[in-house]
1. Every residue in region 82-107 that is farther than 22 Å from ALA6 by Cβ and of a type outside the set (S, T, N, Q), please.
2. Given (1) assigned to a helix (DSSP H, G or I); (2) touching a Ser or Thr at 6+ places or on another chain (Cβ under 9 Å), where does PRO138 come up short, assuming only one miss?
3. Just the residues that are modelled with pLDDT under 90, among the polar types (S, T, N, Q) and over 20 Å from PRO149 (Cα atoms), please, taken from region 71-92.
4. Here is a list of conditions, (1) out of contact with any Asp or Glu (no Cβ under 7 Å at 6 or more places or on another chain); (2) assigned to a helix (DSSP H, G or I); (3) without any contact (Cβ under 8 Å) to a residue 60 or more places away in the chain; (4) surrounded by 15 or more Cβ atoms within 10 Å (Cβ to Cβ), and TRP101 meets all of them except one; can you say which number that is?
5. In region 132-160, which residue that is crowded, with 19+ Cβ neighbours inside 10 Å and not aliphatic (A, V, I, L, M) is modelled with the lowest pLDDT?
6. Filter region 88-98 down to residues that are of a type in the set (Gly, Ala, Ser) and either loosely packed, with under 12 Cβ neighbours inside 10 Å or out of contact with any helix residue (DSSP H, G or I) (no Cβ under 7 Å at 6 or more places or on another chain) (or both), then give me how many there are.
7. LEU112 - would you say it is within 16 Å of the chain's Cα centre (by Cα), farther than 20 Å from VAL151 by Cβ and of a type in the set (A, V, I, L, M, F, W, C)?
Amino acid sequence: MTAARAIAFVAATWILSLIQASVASLLPWHGVAPELALLVVLYVGFYGRGSATANAGLALAIGYLTDLFAASPRGLHALTFGLVVLAARGASNRLMVASTWQVLVVTLATALGHGALIVALTSSMYGDGAARALWLVPMTAAATGAAAPVVFLILKRIDRRLAPDQRMRFAL
């Protein structure tokens, strides 16, 4: 992972978070929003070239940025995104995430697990409402899965621009 790619992914997360917050403020209802930062972390975990420590460091930075945007306890998303990127990196050798339906399935499963982990880690803050918070997890996971192909396409274009694959240079 080069510094330029890491900065580009953090900047992309920041822009996606700004867009998401702006759209949410314009809507009259407080609906379920996709976790766009989670999609960036998944992309880095599955397709990020470089060492696992560099990818984990990038996930921690994206998680801290998400903590600031979400006004959640500092370190909550950083911790969970670090776990997600390491799990995605470990699974990337065993899973083929190439087609749209594979991206949808993997993203949906990861978003369900990530949402449940967030609720489990913050259940003491909810009091008696932790069970109600779990009801939002499947809807958020579905929204995240629906947004995944578009976000992955954007991230793939950024990744190709900054670090083109040398093996594909001579391919037709």
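1. Passing the criteria: ARG94, LEU95, MET96, ALA98, TRP101, VAL103, LEU104, VAL105, VAL106.
2. Of (1) assigned to a helix (DSSP H, G or I); (2) touching a Ser or Thr at 6+ places or on another chain (Cβ under 9 Å), only one is false for PRO138: (2).
3. SER72
4. (4)
5. If we take residues in region 132-160 being crowded, with 19+ Cβ neighbours inside 10 Å and not aliphatic (A, V, I, L, M), then ASP159 is modelled with the lowest pLDDT.
6. So the answer is 3.
7. no
Conditions (1) at pLDDT 90 or above; (2) surrounded by fewer than 20 Cβ atoms within 10 Å (Cβ to Cβ); (3) touching a strand residue (DSSP E or B) at 6+ places or on another chain (Cβ under 8 Å), marked per residue:
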residue	(1), (2), (3)
MET1	no, yes, no
ALA6	yes, no, no
VAL10	yes, yes, no
LEU18	yes, yes, no
SER22	no, yes, no
HIS30	no, yes, no
TYR47	no, yes, no
ASN55	yes, no, no
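The values are calculated or read from the model by the stated rules, or taken from the named source; none is laboratory data. For clarity, every value in this text was computed on a predicted model and none was experimentally measured. Cβ atoms come from the backbone with ideal geometry, glycine included; neighbour counts cover every protein chain shown.
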